[in-house]
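Novice: Structure incoming, see below.
The values are calculated or read from the model by the stated rules, or taken from the named source; none is laboratory data. What you see is a predicted model, and the numbers here were worked out from it, not measured in a lab. Note that we place each Cβ from the backbone using ideal geometry, even for glycine, and neighbour counts take in every protein chain shown.
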Number of protein chains: 2
Amino acid sequence: MSRWAIGIDLGGTAIKAALVSLQRGILLERSVPTETSSGPEGIVAQLAGVIGSIVAETPSGFHIDAFDGIGLGAPGAVDIATGKLSYPPNLPGWTTFPLRDALVRALEGSLPGSARVFIENDANAAALGEAVYGAGRHFSDFLMVTLGTGVGGGIVLDRKLYRGPNGTAGEIGFMIVDYQGSSVHAGIRGTIEGMLGKEHIVEYARARIKENPESGRMLSGLCMHDFGKLSPRHIERAANEGDPLSLAVWERVGLVLGVGFANVTALMDIRKFVIGGGISAAGTLFFEQARQVLLRSTLPSMHAGIELVPAELGNRAGMHGAAALCFQ
Amino acid sequence: MSRWAIGIDLGGTAIKAALVSLQRGILLERSVPTETSSGPEGIVAQLAGVIGSIVAETPSGFHIDAFDGIGLGAPGAVDIATGKLSYPPNLPGWTTFPLRDALVRALEGSLPGSARVFIENDANAAALGEAVYGAGRHFSDFLMVTLGTGVGGGIVLDRKLYRGPNGTAGEIGFMIVDYQGSSVHAGIRGTIEGMLGKEHIVEYARARIKENPESGRMLSGLCMHDFGKLSPRHIERAANEGDPLSLAVWERVGLVLGVGFANVTALMDIRKFVIGGGISAAGTLFFEQARQVLLRSTLPSMHAGIELVPAELGNRAGMHGAAALCFQ
């Protein structure tokens, strides 16, 4: 009997849910726009609805007796012991809410009483997804970094999530690599997120253009002469067309990322890195730079086995990992 | 029957060995100057000699049947699987040498055949010593930093050493916090060791004096007007007498250390720090600064439980920890 679970990625824009087979991965997906205005209770109702629709469409061969439960990846601070979610970014109006218990109650009667609900931080869920189904499946120890609006991280040690004593481990975005630098993000100077978060990459490009307006000619055309609309996609496209300024922006992304990875290697002896998130689409422009910087920023005795690889599951990593919580 | 072991700290200057009782800690100590010129074989003979002298003086109540073995902390890269020690700093002429096996052979016949020999990196051994007998005994998870000639580190997770997949974890000295900075150490820019290693602290003070010769007046008197002889002790003494330049040197030590700890907290969710090594004698001059910087360099959601404490075992941490390897 094939074991299965439902994996959900609760985001500020969409709730993505999937039926995941232990052996075969995602078999069926549903996505609904997140009704952020309806608050925690409204979102719990949405979650219950999307779970119900997946259960209703469960293909033959997936019996409820082989159902391992529901896993939920959510942004913000997740207390896995109590199932509470605190201050999720992009979900306005939440303080601390007992999301797991509320979802269990909302599902009462519609699922077997034994169905368990697991909740995990979304970056951790993505790392676990890559560990079980994606680019991390050949690594027993790795760090996954998610380059998007923010810079998230998840750590897998000995094929299990490393959460740390209080459940907040993996925040590579808040690692400081330039404590005397000019970037300040969330009140902290010189963090990786403060340099590699989506808006910060764009800000950096704008600042370079301001220093040398002539250098921004190609980007100016791509963003319709409105630098307010400049996005990483434009910088990626211009770099691929050979624009020196845009190439330099990605080189700096590789530099900062390589320094951050060097710190992970020095401190934790982790030598495998999985790089995901929207920004990683431009990966060919900065992967090699990151690898070179990682090598020259660590002792030769730490070089054996160093690998940087792109994530494989894209925005489905969270759903895979949320389901994998149920299989562990 | 009281369990006991022999814990040895192999250093570039001295071989320190102790009879350690599981319950009562160090009961008997011996120290001999390290004969670095005699190479690995000579040092193995020295180790066997000091072990023999401790066994010969073992007090009554410590039976060989309750002997848990010999633990050895050594500088450099230790492969705990093979027992080989590679490129120990301060032990010239070593490349890679099978230290554990050579010691086992040297002890054959003089100890029970069941006596085991354990070998570990010295910074890890010191961390384990503090974990079992010292400042870390109330913490299940902490990082120990050793501030001396270099900056070493050891990580304890769930009361056990965290060695990492390849055994090189804990190298907080090679964490980069100032990737655009001016300090370069072991070929890497902006590492903690490059700013807080003993000589680098002194260099920094000299550079400040050069910028403003008048500011070095107090230090000049303490080091007999020869800045070539300037040491952290002079800077500590001058700071305690209110010398602004010297106070600023320690403030920077606290700043850099606090930033490094913030990175450990963000990445590993470790919130307890034990600070040891010779430089930590000046701890009252930089502990509070390090704590403040750690707090303002991390998210408020990571602040609960943050503690910085001085190490308690001084230069006996390594012997305690080496013996503790045998009790695990």
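Novice: In this structure, does B:SER86 turn out to be within 14 Å of another protein chain (Cβ to nearest Cβ) and surrounded by fewer than 20 Cβ atoms within 10 Å (Cβ to Cβ)? Walk me through how you get there before you give the answer.
Specialist: Details: within 14 Å of another protein chain (Cβ to nearest Cβ): yes; surrounded by fewer than 20 Cβ atoms within 10 Å (Cβ to Cβ): yes.
Spelling it out, B:SER86 is indeed within 14 Å of another protein chain (Cβ to nearest Cβ) and surrounded by fewer than 20 Cβ atoms within 10 Å (Cβ to Cβ).
Novice: Could you look through segment B:122-143, keep only residues that are assigned to a loop (DSSP other than H, G, I, E, B) and more than 11 Å from chain A (Cβ to nearest Cβ), and pick out the one that is farthest from B:ILE26 (Cα to Cα)?
Specialist: Taking segment B:122-143 as the starting set, the residues that turn out to be assigned to a loop (DSSP other than H, G, I, E, B) are B:134-141.
This time we only want the ones that are more than 11 Å from chain A (Cβ to nearest Cβ), so: B:134-138.
Details: B:GLY134: 12, B:ALA135: 16, B:GLY136: 17, B:ARG137: 16, B:HIS138: 19 Å.
Once the filter is applied, the top-ranked residue is B:HIS138.
Novice: Out of A:SER31, A:SER37, A:SER60, I need the residue that is under 15 Å from A:ALA322 (Cβ atoms), of a type outside the set (D, E, K, R) and surrounded by fewer than 20 Cβ atoms within 10 Å (Cβ to Cβ). Which one? Quick ask: steps written out before the conclusion?
Specialist: On the way: A:SER37 fails: under 15 Å from A:ALA322 (Cβ atoms); A:SER60 fails: under 15 Å from A:ALA322 (Cβ atoms).
It is A:SER31.
Novice: Among the residues in segment A:200-221, are any in contact (Cβ under 8 Å) with a residue 24 or more places away in the chain, under 22 Å from the mean Cα position of the chain (by Cα) and either more than 11 Å from chain B (Cβ to nearest Cβ) or closer than 30 Å to B:LYS160 by Cα (or both)?
Specialist: Scanning segment A:200-221 turns up at least one residue that is in contact (Cβ under 8 Å) with a residue 24 or more places away in the chain, under 22 Å from the mean Cα position of the chain (by Cα) and either more than 11 Å from chain B (Cβ to nearest Cβ) or closer than 30 Å to B:LYS160 by Cα (or both).
Novice: Report yes if B:THR168 is within 15 Å of the chain's Cα centre (by Cα) and at the interface with another protein chain (Cβ under 10 Å from one of its Cβ atoms), otherwise no.
Specialist: Values: within 15 Å of the chain's Cα centre (by Cα): yes; at the interface with another protein chain (Cβ under 10 Å from one of its Cβ atoms): yes.
So B:THR168 fits the description; yes.
Novice: Count, please, the residues in segment A:119-132 that happen to be surrounded by 24 or more Cβ atoms within 10 Å (Cβ to Cβ) and touching a Lys or Arg at 6+ places or on another chain (Cβ under 9 Å). First the steps, then the outcome.
Specialist: Looking only at segment A:119-132, we keep the residues that are surrounded by 24 or more Cβ atoms within 10 Å (Cβ to Cβ), and these are A:119-131.
Next cut, touching a Lys or Arg at 6+ places or on another chain (Cβ under 9 Å) only: A:119-121, A:124, A:128-131.
The total comes to 8.
Novice: Looking at segment A:263-277, I want the residues that are more than 7 Å from chain B (Cβ to nearest Cβ) and on the phi > 0 side of the Ramachandran plot and have a partner that is not β-branched (Val, Ile, Thr) and not in a helix (DSSP H, G or I) with Cβ atoms under 7 Å, at least 6 apart or on another chain. Which pairs are those?
Specialist: Pairs that qualify, where the first residue is more than 7 Å from chain B (Cβ to nearest Cβ) and on the phi > 0 side of the Ramachandran plot and the partner is not β-branched (Val, Ile, Thr) and not in a helix (DSSP H, G or I), are A:GLY277/A:LEU147; A:GLY277/A:GLY148.
Novice: B:LEU27 - would you say it is in contact (Cβ under 8 Å) with a residue 40 or more places away in the chain, within 13 Å of B:THR58 (Cβ to Cβ), in a strand (DSSP E or B) and of a type in the set (A, V, I, L, M)?
Specialist: no
Novice: OK, next. Residue check, A:GLY52 against (1) small (Gly, Ala, Ser); (2) touching a Ser or Thr at 6+ places or on another chain (Cβ under 8 Å); (3) not in a helix (DSSP H, G or I), all met but one. Which one?
Specialist: The single condition A:GLY52 does not satisfy is (3).
Novice: Pairs only if they're at least six apart or on different chains, beta carbon under 8 angstrom, first in segment A:103-127 and farther than 14 Å from A:VAL145 by Cα, second aromatic (Phe, Trp, Tyr); list them, first residue then second.
Specialist: A:LEU111/A:PHE67; A:PRO112/A:PHE67; A:ALA115/A:PHE67
Novice: Give B:VAL274, B:VAL256, B:VAL249 a once-over and let me know the one that is over 22 Å from B:ALA207 (Cα atoms) and of a type outside the set (Ser, Thr, Tyr).
Specialist: B:VAL274
Novice: Is it true that B:GLY170 is over 18 Å from A:ILE176 (Cα atoms) and either assigned to a loop (DSSP other than H, G, I, E, B) or among the polar types (S, T, N, Q) (or both)? Full working, then the answer.
Specialist: Values: over 18 Å from A:ILE176 (Cα atoms): no; either assigned to a loop (DSSP other than H, G, I, E, B) or among the polar types (S, T, N, Q) (or both): yes.
Judged against the criteria, B:GLY170 is not a match.
Novice: Which members of segment A:205-214 meet the condition of being touching a helix residue (DSSP H, G or I) at 6+ places or on another chain (Cβ under 6 Å) and either surrounded by fewer than 18 Cβ atoms within 10 Å (Cβ to Cβ) or not small (Gly, Ala, Ser) (or both)? Please lay out each step first, then the result.
Specialist: Our first condition is that a residue be touching a helix residue (DSSP H, G or I) at 6+ places or on another chain (Cβ under 6 Å); within segment A:205-214, this holds for A:205-206, A:208-209.
Passing the criteria: A:ARG206, A:ARG208, A:ILE209.
Novice: Identify, from the list B:GLY42, B:GLY25, B:GLY71, the residue that is modelled with pLDDT of 90 or more and on the phi > 0 side of the Ramachandran plot.
Specialist: Values: B:GLY42 fails: on the phi > 0 side of the Ramachandran plot; B:GLY71 fails: on the phi > 0 side of the Ramachandran plot.
The unique qualifying residue is B:GLY25.
Novice: Can you tell me how many residues in segment B:99-117 are under 20 Å from B:PHE62 (Cα atoms) and crowded, with 22+ Cβ neighbours inside 10 Å? Step through it out loud before you land on a result.
Specialist: Within segment B:99-117, the first condition is being under 20 Å from B:PHE62 (Cα atoms), and the residues that meet it are B:107, B:109-117.
Those left that are additionally crowded, with 22+ Cβ neighbours inside 10 Å: B:117.
Count: 1.
Novice: A:VAL253 is checked against (1) within 18 Å of the chain's Cα centre (by Cα); (2) of a type outside the set (D, E, K, R); (3) farther than 25 Å from B:SER183 by Cβ; (4) surrounded by 23 or more Cβ atoms within 10 Å (Cβ to Cβ) and fails just one. What number does that condition carry?
Specialist: With (1) within 18 Å of the chain's Cα centre (by Cα); (2) of a type outside the set (D, E, K, R); (3) farther than 25 Å from B:SER183 by Cβ; (4) surrounded by 23 or more Cβ atoms within 10 Å (Cβ to Cβ) applied to A:VAL253, the lone miss is (3).
Novice: If you don't mind, another one. Give the residues of segment A:144-163 that are out of contact with any helix residue (DSSP H, G or I) (no Cβ under 6 Å at 6 or more places or on another chain) and part of a loop (DSSP other than H, G, I, E, B), sorted by residue number.
Specialist: Correct list: A:ASP158, A:ARG159, A:ARG163.
Novice: Still on this structure, I have one more. Take the residues in segment A:283-328 that are more than 14 Å from chain B (Cβ to nearest Cβ) and in a strand (DSSP E or B); name whichever of them is surrounded by the fewest Cβ atoms within 10 Å (Cβ to Cβ). Write out each step before concluding.
Specialist: Of segment A:283-328, the ones more than 14 Å from chain B (Cβ to nearest Cβ) are A:283-288, A:291, A:308-328.
Next cut, in a strand (DSSP E or B) only: A:308-310.
Numbers: A:LEU308: 21, A:VAL309: 20, A:PRO310: 15.
By that ranking, first place goes to A:PRO310.
Novice: Sticking with this one: All but one of (1) under 20 Å from the mean Cα position of the chain (by Cα); (2) farther than 17 Å from B:ILE172 by Cβ hold for B:LEU247; which doesn't?
Specialist: Single failed check for B:LEU247: (1).
Novice: Do we have any residue at all in segment A:175-182 that's within 14 Å of chain B (Cβ to nearest Cβ) and among the acidic types (Asp, Glu)?
Specialist: Here is the first cut: in segment A:175-182, the residues within 14 Å of chain B (Cβ to nearest Cβ) are A:175-182.
Subset that is among the acidic types (Asp, Glu): A:178.
Taking every residue of segment A:175-182 in turn, at least one turns out to be within 14 Å of chain B (Cβ to nearest Cβ) and among the acidic types (Asp, Glu).
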